[in-house]
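See structure below.
Read-outs: derived from the displayed coordinates by stated rules, not from any lab. No experiment lies behind these values; they were computed from the predicted model shown. Please note: Cβ atoms are built from the backbone with ideal geometry, for glycine as well, and neighbour counts cover all protein chains shown.
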Amino acid sequence: MKKRKKKTHIKHADFEGLNISALEDHKRKGGRLSPPLSQIANTTLTSWRDHGINEVLWAIVLRGNLRQNVCLTIFRKIIAQARENDPNYKDTFISHSALSVLDDDQFDTIMSPVLSDECAKNILRSLLYLECLPDLKHWLRHLQEPESNSHLEYLMKGVASSLDHQSQESTDIRWLKIMYCAIVQGRIKFPQTMGDMLEGFRLYPDYGDQRSVRPQIRALEITLRSTIENNGHPYEMTASLCEKAPPQWSREFWKECLDKSSCFTGEFKKPDHAENDWYFDQFFQVYQVVSEHFLEKIESTDIDPKRDAVYGLILYNLYIALTIGHSGLHRRLEGRILLRTMVENFITLKYLAHNDNKAIWQQFRSYGTGQAKLAFLKNLQEETVPSFVNLNDLFDYANEDLWQEFGDINIKPWSEKNLRKMAQESGVKEFYDKYYDWASGYVHGNWAAIRDSVFTVCLNPLHRYHRIPLIPKLDMPSVQMDAAKIVNSMLDILNQFYPQFKERVKHPS
Ligand SMILES: [Zn+2]
């Protein structure tokens, strides 16, 4: 019988296997949403990448360069070897700090499955690039020093495979640590009720549902790195190992990696300008048809706040859409900033259409007129005004509908509601959630937007994929299709108030 798929909030296959809490599972406290794990009191965060990888580098290098079954066989042999042939097995561990404390005989005994394997030994020669390894003296006794960069790739491949704490490779190494603590040190006890979980660990990765086994391994391994209750040392180090172990050396490790290898940047992708033309032409055509439609429908030269707002907001967004389609802007930071404005304009129109009464259309118009008056009065008393400000225009806009001496200035948002509320009331909250927050980040220059626009990841895994400046990013995912969808939704409103309007932006086939 087929197993029923577990219900999940994740709708994208790439993220299904990851531990990701749904937004609804976050707890709201004031203006903050906290994920479930961060709600557990007294947790100390320990980073696998920053402080975990360096301690098991030898295993990481092997796992990244050998097939899983070959590597797990070596790991199993190490556990058996330590347990059966080292008389002091309880006071040993396989981290570099722990191995540095062991005498030559102990090291050679425990590591004999590696040291007797010529392929593994050759791969591990890459460890000798690093002077910071506390147990370097042991490795130097067995391994031949590599020539210049001959073995650097093994080191990079190994670290690359385990930088992600949830990868298969890092899970395999975290399994080794648990099994060593359980079988050799005897410091992890499994109650009988957890027999099935123990079988999953013992026969890993061939027993049980790996979607459960892997997270269990990772959760348990985190506790081995916890320094609570062990005088500031990770739990995986027994008291006698702690006495002689070196202080934490992860910082030195990453510094040496940085000093001894260069940053790698990916290839710069040039945007493809040919793809601009389709939407640019479409937006241009629709702009013309909307303008003509306005003139066809005009019945009076009276001030008509509703008509002007409906057509005006649509034309305004089409203007922006045209700009987005120009010179590859749709794949650039500016495209995102402009899309966010389009989103706001669409929600404004939706809200106006939802309420559709004389007062609300007038309120929208008066607000804008008031803003022109405000800017006019502020700049009027300045000897120099910003270059983009034209005082004559401001004066005209402030007085076009009504002499400004009778016009109020509204200093609150025009609808006296924030955009989220407007979206909620007009039934487009879902749209707002999808588009607004992330696009707003680009307007405000929040860190994630800056990260996305001017930084890239150095592709050297020995640098922990740190961020380095990038030539301005010109190949972001295009915003043109989103712009087209927004325009089309607005044209639906136009058709509702001033039928018939059938023209729509067409998507390329
Ligand atoms: Zn780098």
How would you order 385-395, 209-219, 477-487 from highest to lowest mean count of nearby Cβ atoms within 10 Å?
477-487, 209-219, 385-395
Among Asn231, Gln144, Val479, which residue has its Cα furthest toward the positive end of the charge dipole of the chain, with +1 on Lys/Arg Cβ and -1 on Asp/Glu Cβ?
Asn231
With the dipole of the chain defined by +1 on each Lys or Arg Cβ and -1 on each Asp or Glu Cβ, the option from Ser415, His9, Ile337 whose Cα lies farthest towards the positive pole is His9
Residues of type aspartates and glutamates that Lys306 reaches as a straight line, Cα spacing below 13 Å, ignoring anything fewer than 8 places off in the same chain
Asp356
Could you give the distance between the Cα centres of region 151-174 and region 199-253, to the whole Å?
16
Quick check of the Kirkwood formula: for region 14-132, what is the inverse mean of 1/r over all pairs of different Cα atoms, in Å?
17.5
Classify region 376-509 from the C-alpha gyration tensor, please: rounded if a/c falls under 1.5, else prolate or oblate depending on whether a/b exceeds b/c.
oblate
To the nearest 20 Debye, how big is the dipole of the chain about its Cα centre, given +1 on the beta carbon of each Lys and Arg and -1 on that of each Asp and Glu?
1620
Taking Cα atoms only, helix 68-85 is inclined relative to the longest principal axis of the chain by an angle, in degrees rounded to 10, of 40
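In percent, what relative contact order does the chain have, based on Cα pairs under 8 Å that are 6 or more apart in sequence?
Reported as a whole number, the value is 16 percent.
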May I ask for log10 I(q)/I(0) of region 273-497 at q = 0.13 Å⁻¹, from a Debye sum over the Cα atoms as equal point scatterers with solvent left out?
-0.92
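Just from its helices, what would the mean residue ellipticity at 222 nm be for the chain, if runs of 4 or more DSSP H residues each count -39500 (n - 2.57) and the sum is divided by every residue, rounded to the nearest 500 deg cm²/dmol? Show your work: numbers first, answer last.
On the way: 22 runs with 269 residues, N = 509.
Roughly -16500 deg cm²/dmol at 222 nm, from the helical runs in the chain.
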What's the magnitude of the charge dipole for region 48-260 around its Cα centre, counting Lys and Arg as +1 and Asp and Glu as -1 at the beta-carbon? Answer in Debye, nearest 20.
480
Here the alpha-carbon Rg of the chain over 2.2 N^0.38 Å rounds to 1.37
Give the calculated FRET efficiency between His507 and Glu147 to the nearest 0.05, with a Förster radius of 45 Å applied to their Cβ-Cβ distance.
0.20
Quick check: from the Cα gyration tensor, does region 368-445 come out rounded (a/c under 1.5), prolate or oblate?
oblate
Among Gln371, Tyr432, Tyr351, the residue whose Cα sits farthest towards the positive end of the charge dipole of region 273-497 (+1 at Cβ of Lys and Arg, -1 at Cβ of Asp and Glu, taken about the Cα centre) is Tyr432
Whole-Å distance, taken between Cα centres, linking region 431-466 and region 352-372
36
Cross-link candidates for Lys11: which lysines have Cα within less than 29 Å, leaving aside residues fewer than 8 places away along the same chain?
Lys2, Lys3, Lys27, Lys29, Lys350, Lys421, Lys429, Lys434, Lys473, Lys485, Lys506
Summed residue charge, Cβ within 12 Å of Tyr351's Cβ, Lys/Arg positive, Asp/Glu negative:
+1
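Would region 48-260 count as rounded, prolate or oblate if I go by the C-alpha gyration tensor, calling it rounded below 1.5 in a/c and otherwise prolate when a/b exceeds b/c, oblate otherwise?
On the way: a/c = 1.44, a/b = 1.29, b/c = 1.11.
Cα axes put region 48-260 in the rounded bin.
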Additional length obtainable on full extension of the chain from Ser250 to Gln285, 0.36 nm per residue less Cα span:
6.6 nm
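For the ranges 181-194, 157-170, 354-367, what's the packing order if you count other beta-carbon atoms within 10 Å of each residue, average per peptide, and put the highest first?
On the way: 181-194: 14.0, 157-170: 19.9, 354-367: 15.7.
Ranking the peptides 181-194, 157-170, 354-367 by packing returns 157-170, 354-367, 181-194.
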What does the charge dipole of region 273-497 about its Cα centre add up to, to the nearest 20 debye, if the Cβ of each Lys and Arg holds +1 and the Cβ of each Asp and Glu holds -1?
1180
